[in-house]
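Down below is the structure, laid out as structure tokens.
Read-outs: derived from the displayed coordinates by stated rules, not from any lab. Since this is a predicted model, take the numbers as computed values, not measurements. Glycine gets a Cβ as well: all are built from the backbone with ideal geometry, and neighbour counts include every protein chain shown.
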Amino acid sequence: MRAVNVKRETKETKIAIRLNPDGAGNVSVDSGVAFFDHMLTAMAKHGGFDLTCTVQGDLGVDSHHTIEDIGIVMGDAIKEAIGDGRGICRFAHAVIPMDESLAQVALDCGGRGYLVFSGTFGNKIVGSIPADLFEHYFYTLCSRAGITAHIAFSGKNDHHECEAVFKAFGIALGEALSISGNRKAIRSTKGKF
């Protein structure tokens with residue numbers, strides 16, 4: 001079992017995440033930001049991994065520190081779960097429709113943090129969250145986890161677009177972290193990530 005527990009406490013937030021890539025999609029998220037809880041729940045449930053996330057954040061200021069720091073801790077948890085990369089599939093992608101919206105995510109969990117985020121929301125706020133904060137969340141997560149991610153989405157309804165992105169990311173992440181046929185192999189021509 002590759003379950004990991006990661007905690008982080010600052011003057012702005014206190015976060016604890018338990019991640020089990022070998023789980024069954026059991027999810028419990030309480031960030032204090034209901035829409036973000038909904039997105040993280042969709043990501044883990046559809047990705048098929050277990051996720052517990054508890055957060056105390058300075059929401060009296062706004063949701064920025066809370067969501068950014070969840071990205072930090074989630075990224076650290078993913079990196080710890082990957083370890084040296086032995087046995088994981090490493091690459092994965094998902095294309096997910098949600099009504100009129102479509103999200104495409106391609107991932108490489110090979111140790112190089114990079115994000116390409118293509119798509120725009122129609123409104124400045126999505127579910128009480130500043131729209132630009134979603135790209136920042138994925139940038140933070142990918143940088144910390146060492147994931148290269150290409151995320152592209154289109155549609156007309158911001159909620160649908162955002163939810164499709166989180167579902168697609170979760171499905172691709174679950175597949176990329178899954179164990180391949182050869183549990184000892186590191187999928188890299190370098191022999192390591």
Inset, instruction - Mind listing whichever residues of the stretch 72-90 are touching a Ser or Thr at 6+ places or on another chain (Cβ under 8 Å), surrounded by 23 or more Cβ atoms within 10 Å (Cβ to Cβ) and either of a type in the set (S, T, N, Q) or assigned to a helix (DSSP H, G or I) (or both)? - result: Gly75
Legend entry - Considering residues of the stretch 35-45 that are within 19 Å of Ala3 (Cα to Cα) and either free of Cβ contacts under 8 Å to residues at least 12 places away in the same chain or not polar (S, T, N, Q) (or both) only, the residue surrounded by the fewest Cβ atoms within 10 Å (Cβ to Cβ): Lys45
Inset, instruction - Any residue in the stretch 114-140 that's farther than 17 Å from Ala103 by Cα: show its pairings with residues that are part of a strand (DSSP E or B) and not polar (S, T, N, Q) at Cβ separation under 8 Å, as long as the two are six or more apart or on different chains. - result: Tyr114/Ala149; Lys124/Pro130
Inset, instruction - Please work out which one of (1) out of contact with any strand residue (DSSP E or B) (no Cβ under 6 Å at 6 or more places or on another chain); (2) at negative phi; (3) hydroxyl-bearing (Ser, Thr, Tyr) is the condition Ser128 fails and give its number. - result: (2)
Legend entry - Candidates Gly48, Gly32 - the one that is under 23 Å from Met98 (Cβ atoms), touching a Gly at 6+ places or on another chain (Cβ under 7 Å), of a type in the set (Gly, Ala, Ser) and surrounded by fewer than 23 Cβ atoms within 10 Å (Cβ to Cβ): Gly48
